[in-house]
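The values are calculated or read from the model by the stated rules, or taken from the named source; none is laboratory data. Here the structure is a predicted model, which is why all the values come from computation and not from measurement. Glycine gets a Cβ as well: all are built from the backbone with ideal geometry, and neighbour counts include every protein chain shown. The area values use the complete protein model at the heavy-atom level, side chains included, leaving out ligands, DNA and RNA. Shrake-Rupley method; radii C 1.70, N 1.55, O 1.52, S 1.80 Å.
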Amino acid sequence: MSIFLKARRTKAVTGVMMLTVALVAVLSGMQIPALNILGGGKSYVPVGVLLPLLGVAGLVSFMTNVPGELEITAVRPVQWYNAIAISVAALSVLVIGALLGVSGLQAHAFAAARNLVGYMGLAMLGQKLVGRHAAILFPVVFAFGTMTAGRRPGGHPWPWAWPLFESEHVPAAVVAVAVFLVGLLVMLSRARPVRRPRDVS
């Protein structure tokens, strides 16, 4: 396990995640301008739509740091280790976001945490569909698509644009968690049987 953690640069990834959480706690209530191509003109979207991409980039690095050759020859269930570590990170982020919201310190923190978890699911899907080094494209493209095309002409988000909804919007949280779980299952579907060390006696 220690080799697994060192190879994945877990300390650096943890630092990126902690930085993301800190920025969410401070900045997630801000609004940033974006071009609304469907509604016309300029609209404002929560910074929590884009900020979670920083944490997702760290997690994608965690998933892709080790060369594939090492995973192929590993005798331990590397994909299961990945799944456990990513699930712990997702649960931690959701809990921290919920605590920040319930305590009144940052009402928008849970929305940002929810988005980070959903983007993680998209990244895991991307790793399966387009390869490990392009996995980050899935959450990035979706986030920017949400910013520019996620609002109706009246300003209300389309149902598919769950990153734009407020923290209290339960369906958005359900969708984000569902995307995460689907991505996790897809990633685990790639897990190969554990190689048993050969008996040299």
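The lone criterion from (1) over 13 Å from the mean Cα position of the chain (by Cα); (2) free of Cβ contacts under 8 Å to residues at least 24 places away in the same chain; (3) farther than 30 Å from Q31 by Cβ left unmet by V88 is number (1). When region 149-184 is filtered for residues that are modelled with pLDDT under 90 and either of a type in the set (A, V, I, L, M) or exposed (fewer than 15 other Cβ atoms within 10 Å of the Cβ) (or both), the ones remaining, listed by number, are R152, P153, G154, G155, H156. The single residue among L53, L99 that is modelled with pLDDT of 85 or more and either among the charged types (D, E, K, R) or under 13 Å from T20 (Cβ atoms) (or both) turns out to be L53. Tallying residues that are under 21 Å from A172 (Cα atoms) and either assigned to a helix (DSSP H, G or I) or in contact with a helix residue (DSSP H, G or I) (Cβ under 7 Å, 6 or more places away or on another chain) (or both) within region 101-135 yields 23. Cβ-Cβ distances below 7 Å connect the following pairs, each with a first residue in region 122-146 that is open to solvent by 50 Å² or more (accessible area, probe 1.4 Å), a second residue that is charged (D, E, K, R), and a separation of six or more residues or different chains: K128/R190.
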